[in-house]
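Structure first, commentary second.
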Amino acid sequence: MKEILRLDHVSKSFVGVKAMQGISFDLCAGEIHCLCGENGAGKSTLIKVLSGAHQPDEGSIYFEGQKVTLTPHQALALGIQTIYQEHIVFDSLSVMENIFMGLEVGRRGLLDRREMRRQTVEVLQYLKADISPETIMGRLSSGQQKTVEIAKGLVFKRKAIILDEPTASYSAAEIDNLLDIIKTVRASGIGIIYISHHLDEVFRIADRVTVLRDGRKVSHYQIQGLTKTQLIKDMVGRDPSTFYQRETVPIGEAVLEARHLTGNGVRDVSFVLRRGEVLGFAGMTGSGRSELMELLFGSARLDAGELFIGGRRVRHASPRQSIRNRMCFITEDRQTTGLFLEQTIAQNVMVANMVNTRDFFANPADDLRTGDGFIQKLSIKARDARIWAMTLSGGNQQKVVLAKWFNTAGDIYIFDEPTRGIDVASKQEIYQLMVGLLKEGKAIIMVSSDMPEVISMSDRVAVMKDGEMVGLIDRGAITEESILTLSIGDKAV
Amino acid sequence: MSERTSADTRDGNDLSLFKRHENLTVTAIFVSFVIIIAVVQLLITGGKYPTFLSPVNLLNILQQVSVPGIVAVGMTMVMISGGIDLSVGMLASLVSIVTALGVSKWHFGVVGSILAGVLTAVVLETVMGFIISRVKVEPFIITLGGMITFEGIALLLCNSREVIMSGELNFIKANLIAGSKDPVTGLNLVIPPYVLAFFFIAFLAGMLLKYTKYGRRIYAVGNNPNAAFLAGIDVKAMRLSVYVIMGLLVGLAAVMLLSRINVGIITLGQGLEIDTIAMVVIGGTALRGGKGNIVGTLIGVFFLGSIGNAMNMLRLPSEVQFVAKGIVIVIAVSAGHVSSAVSEFMSRRRKVMVPVPAAAVKQE
């Protein structure tokens with residue numbers, strides 16, 4: 001087979017992180033080459049190097065045997081198209097206009113709509129996609145939108161298409177459809193790099209598989225004869241002794257019980273949370289973990305199931321009700337759902353606790369004192385509580401969010417990705433704060449995609465997959481392998 | 001990764017003087033404007049006390065800005081919550097026509113007519129606030145629709161004619177300091193009750209925004225509605241409430257305006273929305289919400305109000321006023337950004353220069 005792309009011992013580091021270390025990789029015409037690895041294994045960096053978004057520090061890239069330097073423009077010109085996980089589409093334009101955006105066919109400054117339409121129809125028919133060129137992009141399902149992006153690759157006769165997690169949050173039928181389309185594209189001689197957390201998809205379409213771990217290439221296989229067990233074994237394998245070592249705390253009585261929670265994309269989840277424990281929630285992106293947290297906190301509607309807090313059934317859950325029930329929700333995205341960026345630390349700290357007091361008046365001087373107190377207690381790097389939250393670094397912003405919830409004196413803490421985008425030192429501090437909460441007899445639910453974090457912090461780990469809880473692992477049995485087997489392997493383990 | 005490096009430099013929290021005192025930039029521009037006008041007048045008249053700064057003229061400006069000022073106070077709250085209200089002008093016209101009709105035609109009596117007018121405003125704003133808080137349509141659009149609708153209702157009510165009164169509302173513009181004379185010009189000084197009402201309302205709103213939980217919640221909703229919702233704030237109720245308050249203030253303002261001119265007429269509130277939004281924006285309230293304060297708005301009110309007056313004093317044609325107002329809005333609003341950009345640049349330079357090793361200093 002003809003080689004299209006080859007990476008030769010490519011390395012790339014960011015400040016303090018070696019994202020790619022001497023990775024070699026190649027792609028041939030008419031094949032599907034799958035990239036596997038956990039979060040942070042280096043897959044995204046590899047894609048970004050191929051799409052020209054990152055320049056490698058060492059090593060070289062060859063395109064059809066020629067050594068090249070890739071910029072985003074150059075990569076497209078050569079025929080390498082990257083389709084990212086999030087859709088970058090023009091919602092209010094038609095399918096055809098989306099395909100030809102920036103590359104319109106025309107003569108003397110006028111658009112040749114007929115020609116563009118002809119090409120669009122031709123490709124969509126080839127892909128057996130039931131989409132009209134005139135449909136407005138925003139009306140399509142995300143699976144159909146992805147098809148349109150793939151169609152674009154065919155219209156412009158790309159040589160390589162990179163698909164990053166194309167099936168995240170798709171229904172089974174949509175996945176089947178998309179995989180068929182990808183096979184059709186392969187048949188036309190295009191090389192495809194396919195990245196997915198879903199191992200069954202990998203086994204359905206891959207010709208070859210490359211496994212990355214911690215920025216290194218671990219193994220490379222032809223799909224024939226490869227087993228899931230082997231693949232998972234390659235993906236895991238970090239040394240657990242390098243993880244954060246946390247103190248354990250005696251575990252007390254149950255404070256929260258979920259029975260058959262359903263809604264917001266989550267199906268039939270039941271568990272019990274006890275004082276002094278961290279219940280970790282592992283799973284792949286889109287497995288419904290954050291959605292479950294929204295149900296628990298009442299920011300999304302529960303369709304069925306029962307939630308008990310402190311033995312009492314919660315009806316009509318709302319964030320306001322939850323705060324009164326002494327729950328705290330440290331959300332995944334602190335910038336959009338956690339912080340008031342253009343408000344002072346003091347105002348951020350007092351905002352959630354307003355529910356708990358009946359006073360009409362607010363006392364800015366008191367709030368400042370409280371804010372300054374938390375700056376001390378959590379060692380937030382800020383001169384005083386008059387500083388805008390916006391001016392702080394990620395780790396310190398996260399501490400402000402924590403302060404906001406600590407100030408409500410809650411009992412049950414939901415941490416959704418507690419240390420995302422935070423430097424190593426702040427990470428340790430946040431872990432210590434979490435252990436501090438446990439010592440006070442509080443209970444923690446922690447959603448995390450950071451495997452070492454899940455393993456080192458959790459007393460038990462619940463694993464989610466496709467909106468369902470597929471397993472609950474006890475302390476002694478928590479390993480990368482056991483978690484990964486549940487979250488990406490077959491349901492029956 | 002780049003986030004971290006840039007954040008590290010930000011962690012010093014070196015906020016510029018202008019950022020720490022949020023109203024400083026606009027105050028500085030306003031003061032320089034006043035000084036320029038006074039100096040120009042001094043030059044023209046050859047050293048006489050500038051009439052622009054005479055007590056009678058200052059009180060004049062106060063009378064002119066009080067009514068839009070009251071609406072601007074409401075607009076500040078609406079805009080801090082992340083909304084906007086384009087309907088206030090036509091709503092004021094509608095209220096004036098309802099009240100004038102109540103007095104002269106429907107025989108509601110003075111109190112009844114005023115109540116009818118104010119209630120009209122409160123009800124209509126509540127309806128808009130309800131829609132805005134429940135539906136995902138921009139407040140801009142909803143209140144634009146409101147503005148056109150209110151104009152129609154007002155014209156229907158008055159048959160497109162003006163409604164003339166015979167001074168029933170004169171008590172609102174009675175002179176509280178009748179008999180005092182201006183030492184500079186010798187003219188009568190006037191302070192009507194509605195000027196005091198303006199200050200009282202502005203004071204109340206300022207306190208409400210700063211010293212009550214309700215006020216803090218308005219900021220929170222405007223700053224980040226998602227985070228506000230998760231912090232247990234009833235975002236819908238907050239959004240609705242600011243429009244209800246706006247209705248009350250527009251109602252009161254329209255009655256005061258009516259008392260000044262004695263005629264209920266469709267042109268009474270024309271352009272009021274533009275003027276008040278300009279005042280609020282000059283005062284530093286952000287269009288995207290979450291930021292602003294009443295003191296800033298007061299400065300904006302006096303600033304915009306004194307521009308027209310100053311142009312009159314300099315005997316410039318009224319057309320020039322528009323040009324001047326427009327330029328001032330642009331300068332006042334962009335100056336904040338320019339000054340913070342400048343100070344950021346300065347502080348970055350300072351940071352590069354400051355870290356001299358302690359030992360090196362000692363040796364010298």
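Every read-out reported here was derived from the displayed coordinates using simple, explicitly stated rules and does not represent laboratory data. Note that the structure is a prediction, hence the values are computed from the model and not measured. Note that we place each Cβ from the backbone using ideal geometry, even for glycine, and neighbour counts take in every protein chain shown.
Before moving on, here are some points about what is shown:
- Label-point separation, B:MET346 to B:ILE164 (7 Å along Cα→Cβ), nm: 6.0
- Annotation: amide H of A:LEU5 within the under-5 Å range of A:LEU27, A:GLU64, sequence separation 5 or more or interchain, hydrogens built in the peptide plane.
- Ranked from largest, the principal axis spans of the Cα set of the stretch B:17-346 equal 61, 61, 34 Å.
- Among B:GLY179, B:GLY289, B:GLY89: highest mean-square fluctuation, GNM of chain B, C-alpha pairs under 10 Å: B:GLY179
- For the stretch B:110-134 and the stretch A:420-449, distance of Cα centres in Å: 50
- Burial ranking of peptide ranges B:221-228, A:157-164 (average Cβ count within 10 Å, highest at the top): B:221-228, A:157-164
- Estimated at 0.36 nm per residue, the fully extended path between A:SER270 and A:ARG312 surpasses their Cα-Cα distance by 13.5 nm.
- Gaussian network model of chain B, springs between alpha carbon atoms under 10 Å - residue of B:SER104, B:SER160, B:SER87 with greatest fluctuation: B:SER160
- Student exercise, chain A dipole from Lys, Arg, Asp, Glu Cβ charges, in Debye to nearest 20: 400
- Fully extending the segment from B:HIS337 to B:ALA237, taken as 0.36 nm per residue of separation minus the present Cα-Cα distance, adds 32.7 nm.
- Gyration tensor verdict on the stretch A:339-493 (Cα atoms; rounded if a/c is under 1.5, prolate if a/b is larger than b/c, oblate otherwise): prolate
- For chain A, with +1 on Lys and Arg beta carbons and -1 on Asp and Glu, the positive-most of A:ILE4, A:ASN356, A:ALA300 along the dipole: A:ASN356
- Convex hull volume of chain A per residue (C-alpha atoms, cubic angstrom): 176
- Of B:ILE44, B:ILE61, B:ILE97, the one that fluctuates the most in a GNM where chain B has Cα springs shorter than 10 Å: B:ILE44
- Cα→Cβ-extended label distance, 7 Å offset, between B:VAL330 and A:VAL105, nm: 4.5
- For A:ASP8 and A:THR227, the FRET efficiency from 1/(1 + (r/R0)^6), where r spans their Cβ atoms and R0 equals 35 Å, is about 0.75.
- Extending 7 Å from Cα along the Cβ direction at A:ARG301 and again at A:ALA477 yields two label points whose distance is 3.8 nm.
- Furthest towards positive pole of dipole, A:LEU78, A:GLY106, A:MET137, structure part the stretch A:38-144, Cβ charges: A:GLY106
- Rounded to the nearest 20 debye, dipole of chain B from Cβ charges on Lys, Arg, Asp, Glu: 680
- Chain A - mean residue ellipticity at 222 nm from DSSP helices (-39,500 (n - 2.57) per run, n ≥ 4, rounded to 500): -9500 deg cm²/dmol
- The calculated 222 nm mean residue ellipticity attributable to helices in chain B amounts to -24000 deg cm²/dmol, summing -39500 (n - 2.57) over DSSP H runs of n ≥ 4 and dividing by all residues.
- For the protein assembly as shown, the Kirkwood estimate of hydrodynamic radius, built from reciprocal distances between every pair of different alpha carbons, is 31.5 Å.
- In order along the stretch A:445-457, phi translates into HN-Hα couplings of 10, 10, 8, 8, 9, 8, 4, x, 5, 4, 5, 7, 8 Hz, rounded to whole numbers, per the Karplus curve 6.51 cos²θ - 1.76 cosθ + 1.60 with θ = phi - 60° and x for Gly and Pro.
- Rounded tilt (10° steps) of B:88-104 against the dominant C-alpha axis of chain B: 20
- Each residue of the stretch A:89-97 was assigned a 3J(HN,Hα) from its phi angle through the Karplus expression (A = 6.51, B = -1.76, C = 1.60, θ = phi - 60°), giving 10, 9, 4, 9, 9, 6, 4, 5, 5 Hz with x at Gly and Pro.
- Simple Cβ-charge dipole of the stretch A:3-235, Lys/Arg +1 and Asp/Glu -1, about Cα centre, in debye nearest 20: 380
- The residue list A:GLY280, B:SER343, A:ALA254 was ranked by how far each Cα lies along the charge dipole of the protein assembly as shown toward its positive end, using unit charges on Cβ atoms, and B:SER343 comes out on top.
- Between the helical axis of B:193-211 and the longest alpha-carbon principal axis of chain B there is an angle of about 40 degrees.
- Volume in Å³ per residue [convex hull over Cα atoms, computed for the stretch B:18-150]: 175
- Just so you know, the Rg over Rh for the stretch A:3-235 is 0.98, from Cα atoms, with Rh as the Kirkwood radius.
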